[in-house]
Amino acid sequence: MKTFAIGREQRIPALGLGTWKLVGEDAYQAVTTAISVGYRHFDCARIYANESDVGRALSDSCRSGMVQRDDLWVTSKLWNDCHRPEHVKPALQRTLTDLQLDYLDLYLMHWPVALRHGQELPESGDDFVSLEEVPLESTWSAMEDCLREGLCRNLGVSNFSRQKIQQLIDGGTVKPAMDQVESHPLLQQNELLEYCLQQNMLMTAYSPLGSADRPERLRKTGDPVLLENIRITEIADKYRIAPAQVLIAWAINRGTIVIPKSASQQHLEQNFAAANIVLDSEDMQAIAALDEHYRIIDGKFWEMPGSGYTAAELWNE
């Protein structure tokens, strides 16, 4: 498995299992099966409401001798209702308890959006807190304290633009090690990737297969189906592999980490094998030409009247 250097002499596997949309026993079985297949990188978040199930799978796998904690890379994320500094450490401690871990390998600020404490999903604009009231830098400072206490080994962000990352770099003492963002051939994020590399940061691609099973509230009329893209299917036929494997191989070949979600053993094995597939330069160029800057997770769900947040300001576009 290809790995990338991160932090102080650490390495993160290029392929991980995304756990968004895995629920209950499905989450437990998916993680357990993934470990048996060879996965060692797991991407979690409190808002996914499955960290206790993921934690059971990790703990049982370690207890059985299938894997050791030091072999695992576990990422989780701070949710939007815990941006106030006094809420950051308790949120991380709750995640550690649920995951049955003593530390995280990577802790991310999930969105540059703040909500009232205890309001997991907003129902109206009144549920939001402005970034003037709770600046991103103050949240980041509290996360830095968690790093110093050994509750996590690396810090990063998710859904952050270049401008917002720079804001943390300028106002903090620890540089983010990761930006996790939507990325796939229709939204390649080339400028952001270049910026991350300049800052000695890594980029993780979420929804790398197009998130065809995303919730209805995140769907838009006319959304493209990435796995059915004609160029992707042609390349898949050329290599005699699945379209999903083309997408995973492309992401890793270009230097990003990728976290596709899957529950079936067949797809877990298929995705795992894709990490070793090398696409030739002609195919990499053909995929590069597909970029439309098309966001599937466009952030417009934060645009409630009175929220003070807009998608344009979120992405600085």
Worksheet item: When only residues in region 202-225 that are in a helix (DSSP H, G or I) and not basic (Lys, Arg) count, which is most open to solvent (accessible area, probe 1.4 Å)?
Response: Glu216
Response to the item:
Flagged in region 239-256 as open to solvent by 50 Å² or more (accessible area, probe 1.4 Å) and either touching a strand residue (DSSP E or B) at 6+ places or on another chain (Cβ under 7 Å) or free of Cβ contacts under 8 Å to residues at least 40 places away in the same chain (or both), in numbering order, are Arg240, Asn253
Worksheet entry | In region 267-316, the residues that are free of Cβ contacts under 8 Å to residues at least 60 places away in the same chain and within 30 Å of Gly125 (Cα to Cα) | Lys300, Glu303, Thr310, Ala311, Ala312, Glu313
Item to complete: Would you mind stating whether Ser207 is out of contact with any Lys or Arg (no Cβ under 8 Å at 6 or more places or on another chain), among the polar types (S, T, N, Q), within 22 Å of Ala312 (Cα to Cα) and in contact (Cβ under 8 Å) with a residue 40 or more places away in the chain?
Response: no
Worksheet item: Of all the helices (runs of 4 or more DSSP H) wholly in region 229-283, which have at least 1 residues that are under 21 Å from Gln180 (Cβ atoms)?
Response: 243-253, 265-274
Item to complete: Could you tell me whether region 257-271 includes any residue that is modelled with pLDDT of 95 or more, under 17 Å from the mean Cα position of the chain (by Cα) and surrounded by fewer than 18 Cβ atoms within 10 Å (Cβ to Cβ)?
Response: no
Fill in: Residue ranges of strands (runs of 3 or more DSSP E) in region 1-108 with at least 2 members surrounded by fewer than 18 Cβ atoms within 10 Å (Cβ to Cβ)
3-6, 10-13
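The values are calculated or read from the model by the stated rules, or taken from the named source; none is laboratory data. These figures come from a predicted structure and were not determined experimentally. Here the Cβ is made from the backbone with ideal geometry for all residues, glycine too, and neighbour counts use every protein chain on show. The accessibility values were calculated without ligands, DNA or RNA, using every heavy atom of the protein model including side chains. Shrake-Rupley method; radii C 1.70, N 1.55, O 1.52, S 1.80 Å.
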